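The values are calculated or read from the model by the stated rules, or taken from the named source; none is laboratory data. Fair warning: this is a prediction, and the values are worked out from it, not measured in the lab. Cβ atoms come from the backbone with ideal geometry, glycine included; neighbour counts cover every protein chain shown.
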């Protein structure tokens with residue numbers, strides 16, 4: 001390689017590739033199991049070449065022994081995986097919202113193969129996760145992810161280890177925000193279900209002979225899906241804005 005690049009440049013490019021490659025493995029969209037591994041590797045390699053001039057100033061010198069080199073490369077891989085996993089954890093807020101909506105509309109039994117997960121999920125959950133993934137690329141939010149991984153070289157400079165305390169605190173906080181946001185996104189259907197069930201209970205109390213649940217079950221599905229369809233646009237806008245704010249805050 002001495003005819004094309006210095007040893008320090010090759011090692012620096014390898015460190016960048018280690019962080020970017022592991023980041024793209026966990027990043028939503030690019031890191032899905034349906035994306036071939038060679039495509040992800042090629043994408044990471046191209047982005048590494050493009051970003052090397054901008055990141056070269058933050059790279060450490062090549063170590064003098066194999067053990068130090070292994071430690072630095074492993075640290076870069078862990079940082080990339082952690083940042084990509086944080087971004088993927090936020091997408092689970094849609095899964096939480098989908099499961100809550102499925103429970104309230106009695107559609108939890110309707111399972112569909114989810115291409116973004118390794119197991120079938122409720123149809124509403126599968127639909128919401130696909131809508132969220134489409135919205136990420138339709139709104140160019142993935143560009144913010146790439147800009148964030150570049151900014152991570154200022155927050156977590158290479159050669160200084162893995163900031164486990166900061167990453168653990170971010171993961172714990174994000175887990176709570178994920179469940180909170182998921183319930184907030186499903187709030188329209190939750191409110192409808194509460195009002196409808198109270199009304200059905202009152203009717204059953206007033207007219208015990210009337211088979212209210214025979215009528216209420218199909219109405220729950222139809223009206224619940226209608227409320228879900230009317231609130232889908234607002235859910236998507238709120239989720240994208242919260243995702244954008246999260247990526248700008250942590251990444």
Worksheet item: Going by the structure shown, is residue 82 closer than 23 Å to residue 143 by Cα, at pLDDT 85 or above and assigned to a helix (DSSP H, G or I)?
Response: yes
Worksheet item: Are any residues in the stretch 190-211 in a loop (DSSP other than H, G, I, E, B) and surrounded by fewer than 11 Cβ atoms within 10 Å (Cβ to Cβ), and if so, which ones?
Response: 207, 208, 209, 211
Worksheet item: What number goes with the only condition from (1) under 16 Å from the mean Cα position of the chain (by Cα); (2) surrounded by 12 or more Cβ atoms within 10 Å (Cβ to Cβ); (3) farther than 19 Å from residue 26 by Cα that residue 171 does not pass?
Response: (3)
Discussion item. I'd like to verify a number: residues in the stretch 25-68 that are touching a residue at least 12 places away in the same chain (Cβ under 8 Å) and either closer than 30 Å to residue 130 by Cα or surrounded by 13 or more Cβ atoms within 10 Å (Cβ to Cβ) (or both), how many?
Written reply: 25
Worksheet entry | helices (runs of 4 or more DSSP H) wholly inside the stretch 100-189 containing at least 1 residues that are closer than 20 Å to residue 236 by Cα, touching a strand residue (DSSP E or B) at 6+ places or on another chain (Cβ under 8 Å) and free of Cβ contacts under 8 Å to residues at least 40 places away in the same chain | 123-138
